[in-house]
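The values are calculated or read from the model by the stated rules, or taken from the named source; none is laboratory data. It should be emphasised that the depicted structure is a prediction, and the values quoted were computed from it without experimental measurement. Backbone-built Cβ (ideal geometry, glycine too); neighbour counts: all protein chains shown. In case anyone asks, the SASA skips ligands and DNA or RNA and just uses the protein heavy atoms, side chains included. Shrake-Rupley method; radii C 1.70, N 1.55, O 1.52, S 1.80 Å.
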6 protein chains.
Amino acid sequence: MHLDELNWFDVETYLRSEDRLMIVLGACEQHGYLSLLTDVKIPLALADAASELTGVLVAPPLNFGSSSYFLAYPGTFSLRVSTLLDVVEDLVRSAHRHGFRRILILNGHGGNDAARGRLFEIATELSDLRLAWYAWWQSHSAEQVALKYELKPSHASWMEAFPFTRVSDLPEGVKTPPHVPGLMGASEARQVYGDGMFGGAYKADPVVMDELFAAALEDVLTLLRFE
Amino acid sequence: MHLDELNWFDVETYLRSEDRLMIVLGACEQHGYLSLLTDVKIPLALADAASELTGVLVAPPLNFGSSSYFLAYPGTFSLRVSTLLDVVEDLVRSAHRHGFRRILILNGHGGNDAARGRLFEIATELSDLRLAWYAWWQSHSAEQVALKYELKPSHASWMEAFPFTRVSDLPEGVKTPPHVPGLMGASEARQVYGDGMFGGAYKADPVVMDELFAAALEDVLTLLRFE
Amino acid sequence: MHLDELNWFDVETYLRSEDRLMIVLGACEQHGYLSLLTDVKIPLALADAASELTGVLVAPPLNFGSSSYFLAYPGTFSLRVSTLLDVVEDLVRSAHRHGFRRILILNGHGGNDAARGRLFEIATELSDLRLAWYAWWQSHSAEQVALKYELKPSHASWMEAFPFTRVSDLPEGVKTPPHVPGLMGASEARQVYGDGMFGGAYKADPVVMDELFAAALEDVLTLLRFE
Amino acid sequence: MHLDELNWFDVETYLRSEDRLMIVLGACEQHGYLSLLTDVKIPLALADAASELTGVLVAPPLNFGSSSYFLAYPGTFSLRVSTLLDVVEDLVRSAHRHGFRRILILNGHGGNDAARGRLFEIATELSDLRLAWYAWWQSHSAEQVALKYELKPSHASWMEAFPFTRVSDLPEGVKTPPHVPGLMGASEARQVYGDGMFGGAYKADPVVMDELFAAALEDVLTLLRFE
Amino acid sequence: MHLDELNWFDVETYLRSEDRLMIVLGACEQHGYLSLLTDVKIPLALADAASELTGVLVAPPLNFGSSSYFLAYPGTFSLRVSTLLDVVEDLVRSAHRHGFRRILILNGHGGNDAARGRLFEIATELSDLRLAWYAWWQSHSAEQVALKYELKPSHASWMEAFPFTRVSDLPEGVKTPPHVPGLMGASEARQVYGDGMFGGAYKADPVVMDELFAAALEDVLTLLRFE
Amino acid sequence: MHLDELNWFDVETYLRSEDRLMIVLGACEQHGYLSLLTDVKIPLALADAASELTGVLVAPPLNFGSSSYFLAYPGTFSLRVSTLLDVVEDLVRSAHRHGFRRILILNGHGGNDAARGRLFEIATELSDLRLAWYAWWQSHSAEQVALKYELKPSHASWMEAFPFTRVSDLPEGVKTPPHVPGLMGASEARQVYGDGMFGGAYKADPVVMDELFAAALEDVLTLLRFE
C-alpha cells in the first residue's frame, strides 16, 4: 500500500488502528550494467511484498542518496551527506507528527549509512518513537545465501541483479575485485572500478535470487514486528 | 525515457549527442480527495509525454516538497525549505557535472517556489548552464483553459483531478473558497481548509482535462527548445 | 512609529496594550534609473503611512534581500536565500518573544518570496502567532490601477517610480520587454535586461502614482486588522 | 553618499575611479534610555561624516546584530550569531564582485565581533581584498577621551548618549556597575542590568561628546587610507 | 611525533621531504568500566607506535565524536553528526593547504563512520589528495584475533580493555549480549545496555591484547605506504 | 581530574555531589617558536592545577580552534567559525544533559571569542545553566603582571613561553610589532608577522612566568566559585 494510491482521509483512517510505516531510501547511481535506480528498486520491492502481507504503509521512495564517489559515472545523482541527513530527518519528523510511532527504514544504498547518526539523534529526542533500520545486503540472511552458493557479494554484482533491476544483458563470468587504494574521489573511483561492478559474478541463477529475496523479506517481516 | 530503465553506459551514450534533462519536483501532501502524490504525478506525466516526443531524459522525481502548512493532514511529508533547496542544488550540480547543460525543472507544487532562489544562485555561478522552470498550474496556458470553461483554478480542485491523480470518488458541486486570514500554520490551515480543497469545482469534464494537459504539454515542448 | 525613536521602556509600554508589528523586507539592488533601495523605500513608506493612522509599530527595515540574479549590476547587495530565511526567522522569533502576536510583513522585493516558506514553518511551530504577508506590487489593488490606466506593471518601471524612489531623470517612452530565456544567472540577466527595467513605461502621471499608493495603503490597513 | 540616493549607473561610474566602501553594522537592542537603534546610528553618523569628507560610498546599514543576551528587553531584535556571519559574508562578497577592493566595516555593537572570524576566512580566500574593521567604542581614541574626562565607558552610558541617539530624558548621576556573574542569558541579564545601562554616568557635556565623535571620525579617516 | 612537540618551523621542514599525516578521531563516551576516552586512546596509541617506526606526523586527536545514543551515560560528550562532519572537513582541508597529500585517518569510534561520506566529497573535489581510513576494531586483523581466541568482539568488551584504557577493575566472566530492538535513543540504550558493555568477555589475556595491538599496528603501517 | 582517567560510573558518582565542570578550548596554530598546541597547553595547565585544588572535573580539551588567518603557517589546523560554534554548543549541551549546571570555559585562543555569541544563546535557552568564560591572557591579572615587569603582552611572545610550551630555543631580544594593515587573510598575515610572534620580548624570567601562572590560577579559582 503506497501513499500515491491514497488520499489524506485514507491515511487518517489507517492511523486509527496502525502506527507503522516503511520508508525506503536508495540512490540514483551507477550500478554497472544494472539500472541506475537499483538501490531504490530492491528495498522498494521488499517493502511492497511486506506491505502486501502485513498491510503496513510504504512512503514514496527517496530516489537519491549520497553517492559522491560515483559522480564520474554519468547518471549518478548525489545528495551531499548533509542534505541526505536533513531529508531523512524531515521525513521521520513528518511521520512522527501524524502519529506514526514505529518506522522501519529500508535502505538500499551503503552511502546512506550516515543517516543512522541523525536517526539516533532523533530517537534520543522523540522518546515515543521506535526506529529500525534494514540494509538487506549487509544482513546475516544475505550473507548466508552468498555463502551457501559460494558467491561473493558486492556492489552491482549478481547480488543486485534481480529481474527487475536488469536493464541490459549482463556479462558472463566473474570479475576480479580491483585493488582499492583507500578512500577514493569520483575520478579515481571510475578508473579503479571500470564498468562499475566491484567484483565477483555478474549474475546468479534465478533460484539464488529468489532465495535471496525471500530471506530478506523474512527479515523485513521480522523487523515489522518491532520486538 | 527514465533513468530507472537505463544504466550508466546508456547515459554516457545519451550525453554524446544531447545535453538536455528534465527534473521533476513535487510533493507528498494532502490534495483533498486526490492522491497524496498528485504534485508528483502531474509534472511526471508531462515529462513522460514530452520525453516520448523528444527523447529528452527524465530524472527520477523528488517525491517530497516543502509543505509544512499541510502537516496537520495525515500523509503529508514535508521537507524544510532549507532541505529542499539543498536537494535541488545537489541534483542540478550532479547533472551539470555529467555534462547536462540545459535543464528544465518541472515543478508540481507551489511550496517549492523557494527553490528558484537557489537556482538563480547556481545559474550565476555556472555560466554554461541553462535552466528553465515550469509550474504548469501557474502557466498562461492553464489560465486560458480555466477562463474558457469558467472554472476557478485552485489547490486540489478539478484542475488537478486527472484520471491518474484520482484515488476515490470526488464530491459533486463547487466549494466556496474559505477566508484565509494570512499566512497560516499547519493546525490553522486544516481548520480553514477542511477537506483540503481550496475552492471551486471538484472535477471537470474529461474534455477539459485533456485540453489542460495538452496545453501544458505544449508549454513543456516549447521550453525544451531552450530559446 | 519607528524603533529608532524609542527606547525599550517605550516598547514595553506599547506591548501592554498592543501586540501588532510591521516588519519591512526589501532589497538593495538595481532598479534601472531608480534608487538602489527602491524595494525598501516603498514598503517602508506604506508602513510609515499605516503607522501614522494606526499607531502600529514599524521595525527597522532589512535593507538587503535575495537578488543574486542582479549581481552583475553594481550596487546590488544580495543575501543568499538561506541567509535571508534565517534573518527573517530571527526577526519574527525576537518579536514573538517580546509578546508581538500579530505581525504583518511588508515585502518590497520578489526575490524574498522564499521567506514565506520559512514563515509557514514558524507559524506551524508558534501556534499563538498570526502572520500576514503583503507584497504590494503583486496585489489585486495594484493590478487594478495598472489595468485602469493600461500600464504594464514590471520591475523598475513606472510602477516603482514614486517621487521618493527617483534619483535621476527617467527616460521617456515605453520599453519593449525583452525575451527571457528561462531562469538566468547574473551575467545573462544583465545582457538581457540592459538598463535593468523589465518593460513598459518608465514613468506615470503623479495621479496614477498617488492612486497606486493609496490603494496599497488601503490593503495594509485592512491586513492590520488581522481578520 | 548613500546607495539610496544612487542607481546602479551611478555606482558603475563610481567604481571606475574608486574601490572603497564603508559597511555599517549595528544592532536593534536595548540601550537603556537611548534609542534602540543606537548601535546603528553612531557608526552611520561616522560613516556619513567620513563620506562627506572623502566621497567614499556607504552601504545601507544592517539594522540588526547579534544581541541574544538582551532579548528580555522589549524592542531587541537579535540575529543568531550564525545568521549574522552569513549576512556579513554575503555583503562583502557582493561588494567584492562589483570591484570594491578596500572595505571598511564600521561596527557599532560588541555582539557583532564574531563576524571578524568569518571576515578572516573571506580575506584568506579573496586575496585581492583588503578589509578593515573599526569598533569606535573600543578604540584607543575613545579610551583617551574617557580617561581625559575621567568617565567610565560602558554600554548605554554617556558614551553613547549623542544628541542623535537620545530619545528621552536621561537620568542624572552615576550608576554603579552591577556585579556580573559570568556569561548570562537574557532573563538573568535583565535582572542584573535593570534599566539596561552598564554603569557610569548617564550623560556627559556636549563638549565631551563632540570630542569623542571627532576622535572617532579621525580614526575612520585614517583607516580609509588603508595603509 | 606529535604537533604539540613542534613549532611551525618544524612542520615546514617536515613537509619538504614528507607529505603524510595521521589524524586521530575518537569519542568521549561511556565504555563500560573502561576509560571514557577509550576510543581516543586506542587509535592514538596505534598512531604513536606507527609514528615511532615511520616518522609520520600525528595531528592532535579530536577528543569528541558522534555518540548521541550514549548521552544517558554521564561523561559522554557528543557532537552532532553534522558538527563532526564539519570538523573532519576543516582538519583535512587545513592539512591539504599545508601540502599534506596522503592522510590516514585512524578512527576509534563507530559513530564517526558518517564522516566517511564527507571525506568522499572532499576527495572528489581535491584530486591530488589521497585519503585512507582505518577503523581498527572492524579490521580483518582484529576479526582474526577474535576468532583465534574464540572471543566475541564488541563495544567496551575485552577488545578495548588494553592496559592504557583500564581505569578500574573489570568484572569477571562473560556478558550475554542484550536484545537490541532497533535503532535506540539515549534513554532506551541505557536501559538495554546497563553497564554499557555490549556483550562477551570483559577482559582477555595480555597475550591476546598484545597480539591484537600488533595486528592493528601492522595494518596501520601497511596503510601508511598508501599503495 | 580528567575524564580519561574515569569511566561513566565515576562521573555519575561525581554528579551526586557536584555540578561544576571545566571545558578547555584552544587552538593548533603557529605560535612562533613555541609549541603549535600552546593555546591548549596553557588553559589545560590552569585547569589541571585548579582541579587539583578543588576536585572540579576537566573535560578533554578541544585541540582545534578558529585560526584561519594563520593557515599559511604549516601546522595550523583551523576550524571554520561556524564549526567551532557548533562544537562548543554540542559540548555544553552534552554536559547540561548530564546535570552539570556550572560550567567554566577556559579559552586559550583569541580566535575562539566568537563562541561566546553561541554561549549567550544557549544561556538564554537553558535558564538553569550558569556559564563563565575565562581568557587568561586578556585578564586584568595578566595585564597587571605585564605592567609590573614592563613587558608587552602579545601572541607567541614571552607571555606564552612557559616551560611546558617551549619546544625549541627562543630568540633573545625584543621584536618590534609589525604594522598591521587591517584584517588580514592568511597569506598577508604570514608576510606581516614573519616568524609568527606579534612583538615584544620572546621570553621572560621564570619568576615572571610563575607569577603570571599563579595570577591566572587565582582567577580560575575565583570563577569556580560562580558568585
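Annotations for the structure displayed:
- Inter-centroid distance (Cα atoms) of segment A:86-159 relative to segment F:130-145, Å: 49 Å
- Summed over both chains, the area buried between B and A is near 4400 Å², taken from the accessible surface of protein heavy atoms with a 1.4 Å probe.
- Positive dipole terminus of chain F, leading residue within F:Ser17, F:Phe77, F:Val167 (C-beta point charges): F:Phe77
- Rounded to the nearest 20 debye, dipole of segment A:1-83 from Cβ charges on Lys, Arg, Asp, Glu: 360 debye
- 1.4 Å probe, heavy atoms, protein only - residues of segment E:1-32 losing at least 50 Å² accessible area vs chain alone: E:Leu3, E:Asp4, E:Asn7, E:Trp8, E:Phe9
- Label-point gap, in nm, between A:Arg166 and F:Arg97 - each point 7 angstrom along Cα→Cβ: 4.9 nm
- Simple spin-label estimate for D:Glu150 and C:Glu150 gives 8.0 nm between the two label positions (7 Å along the Cα-to-Cβ direction from each Cα).
- Partners for C:Lys152 among lysines (Cα-Cα distance below 22 Å; same-chain residues under 8 apart left out): C:Lys41, C:Lys175, C:Lys203
- Sorting the segments A:213-220, F:34-41, F:76-83 by their residues' average number of neighbouring beta-carbon atoms within 10 angstrom, most packed first, yields F:34-41, F:76-83, A:213-220.
- Distance from the axis that maps chain E onto chain C is least for the Cβ of the chain E residue given, with the whole Å value, as E:Ser82, 7.
- Amide H contacts under 5 Å for F:His31, placed H, 5+ residues apart: E:Trp8
- Backbone N under 20 Å from the B:Glu143 label point (7 Å along Cα→Cβ), restricted to segment B:113-129: B:113-114, B:116
- Gap separating the Cα centres of segment D:190-227 and segment B:1-61, nearest whole Å: 62 Å
- Placing a label point 7 Å from Cα along the Cα-to-Cβ direction at B:Asp210 gives distances to the equivalent points in the other copies of 4.4, 5.7, 8.7, 8.7, 10.1 nm, listed shortest first.
- Put simply, the Cα atoms of segment B:106-227 extend 50, 37, 25 Å along their principal axes, the longest span coming first.
- Extents of segment A:157-227, largest first, come to 43, 30, 19 Å (Cα atoms, principal axes, whole angstrom).
- Simple point charges give the picture: +1 on the Cβ of Lys and Arg, -1 on the Cβ of Asp and Glu, and for the protein assembly as shown a dipole about the Cα centre of about 0 debye.
- Counting protein heavy atoms only, the protein assembly as shown has 52 percent of its accessible area on carbon and sulfur, 1.4 angstrom probe.
- Heavy-atom accessible area per residue - chain A, 1.4 Å, Å²: 34 Å²
- Counting Cβ atoms of other protein chains within 10 Å of each residue's Cβ and taking the mean over peptide A:33-43 gives 3.
- Sorting the segments A:18-29, B:122-133 by their mean number of nearby beta carbons within 10 angstrom, highest to lowest, gives A:18-29, B:122-133.
- Ranking C:His155, C:Ala115, C:Trp137 by Cα position along the charge dipole of segment C:71-227, where only Lys, Arg, Asp and Glu carry charges on their C-beta atoms, puts C:Ala115 farthest toward the positive end.
- log₁₀ of I(q)/I(0) at q = 0.04, 0.05, 0.06, 0.09 Å⁻¹ - the protein assembly as shown, Debye sum with one point per alpha carbon: -0.25, -0.39, -0.57, -1.36
- Phi to ³J(HN,Hα) by Karplus 6.51 cos²θ - 1.76 cosθ + 1.60 over segment A:174-184, Hz, x for Gly, Pro: 10, 9, 6, x, x, 6, 10, x, x, 8, 9
- Between copies, the label points of F:His140, set 7 Å from Cα on the Cα→Cβ line, lie 2.4, 6.5, 6.6, 6.6, 7.3 nm apart, reported in increasing order to one decimal in nanometres.
- Placing a label point 7 Å from Cα along the Cα-to-Cβ direction at C:Thr54 gives distances to the equivalent points in the other copies of 4.3, 4.6, 5.3, 5.3, 6.9 nm, listed shortest first.
- Going from the isolated chain to the complete set of protein chains, segment A:79-102 loses at least 50 Å² of heavy-atom accessible area (1.4 Å probe) at A:Arg80, A:Val81, A:Asp90, A:Leu91, A:Ser94, A:Arg97, A:His98.
- Taken as entire DSSP H runs, the helices of chain E that both span 18 Å or more between Cα atoms along their own long axis and average -0.5 or more on the Kyte-Doolittle scale are E:38-54, E:81-98, E:206-223.
- Placing +1 on the Cβ of every Lys and Arg and -1 on the Cβ of every Asp and Glu, with no other charges, gives segment F:53-117 a dipole of roughly 220 debye about its Cα centre.
- 10 °C / 1.306 mPa s Stokes-Einstein diffusion coefficient of chain D, Kirkwood radius on C-alpha pairs, µm²/s: 87 µm²/s
- Chain C: calculated mean residue ellipticity at 222 nm from DSSP helix runs of at least 4, using -39500 (n - 2.57): -12500 deg cm²/dmol
- Label point of A:Glu5 set 7 angstrom out along Cα-Cβ; within segment B:1-37, amide nitrogens under 16 Å from it belong to B:35-37.
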